[in-house]
1. So how strong a dipole does the range 13-150 carry about its Cα centre when Lys and Arg Cβ are +1 and Asp and Glu Cβ are -1, to the nearest 20 debye?
2. Could you give the nm distance between label points at Arg65 and Glu244, where each point is 7 Å from its Cα heading toward the beta carbon?
3. Points 7 angstrom from Cα along the Cβ direction at Glu230 and Asp256: gap in nanometres?
4. What ranking of Leu265, Leu174 emerges when the number of other C-beta atoms within 10 Å of each C-beta is taken as an exposure proxy, fewest first?
5. Which value results when the Cα radius of gyration for the range 42-109 is divided by 2.2 N^0.38 Å?
Amino acid sequence: MGKITYDFSDETVIVTGGTSGIGREVARRFGEAGATVIVADIREEPKEDGESAPTHELVEDNGGRAEFVETDVSDPEDVGAVVEAAREFGGVDVMVNNAGIYREASLIETDADAFDQVFAINVRGVFAGCRAAARDMLDRGEPGSIVNTASISSEYAQVGHSMYDASKGAVMMLTRVAALELARHDIRVNAVAPGIIETTFGAGNPDFDRELGDGFILNDAELPDLNAQEIDPEIPMGHMGTPEDLAGSYLFLASDEADYITGHLLYVDGGYQIL
Ligand code: NAD
């Protein structure tokens, strides 16, 4: 059916968590649409298979312009530095706050430090990204667009998800408050809410282990096994999504096609939120 072609030439896009999974495909698509892409991640090598090229090389191989800036989104100084790096290309026009981690444990077993760690990346990281990008856009007197990665978990509670669902609920409200405060400045803030997407997200997440050490792997036996046979029937459309299914919604929300849309949570979930 119909196909939209986007043009982001002359625009600079930062994608946090752009090395792997959803962020990688979002970065690739913005690059394909002509943007200069800055991939901001704690790692340069993709998690997927250890053999794929880093995202900035993938973008360049497709004729785009891209660079990698090592960034830990839980550190607001790092996030400020990546926005500063975008100045070299004229300043950030589109900020995609996508980096996130997942951890699962029952409420009574959840360690408070683990809770803080999920919030530091999933919530403070998005806050820092919104703030740094908005400050830069306002300083330059330029319009802009911010797209955050929320989740079906922003509004859908699941057993064992006290850390993750609370963090994604916060991303939804951050998106709305930022949208309100920035609306008169021509800066739109929206969020994509993915459903269950095939990435290396989830079980045994090394980002979390790296930060907290082995002692914080909670209830490994209960970590979700993204087993398609069990999950697919639960999804109204009958199958998990892919990063390719999602990426277009980021370009749409960032583009002029969405110029009267702000504070919106766009579900891309095969119908999961209907349940
Ligand atoms: P992923 O693990 O494949 O990719 C996440 C990326 O974030 C990785 O490249 C990782 O290195 C990076 N990252 C982790 N901690 C970071 C930090 N402190 N600073 C900078 N980068 C960091 O996961 P994904 O599935 O692509 O997830 C991307 C986003 O989508 C997350 O916010 C996640 O919560 C959200 N999401 C995923 C799903 C899903 O089913 N996969 C569903 C809903 C929402």
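Laboratory data are not the source of any read-out in this text; all were calculated from the coordinates shown. Please read these numbers as outputs of a predicted model, since none were measured by experiment. Note: ideal-geometry Cβ built from the backbone for every residue, glycine included; neighbour counts use all protein chains shown.
1. 600
2. 2.9
3. That separation, rounded to one decimal, is 4.9 nm.
4. Leu265, Leu174
5. That ratio works out to 1.40.
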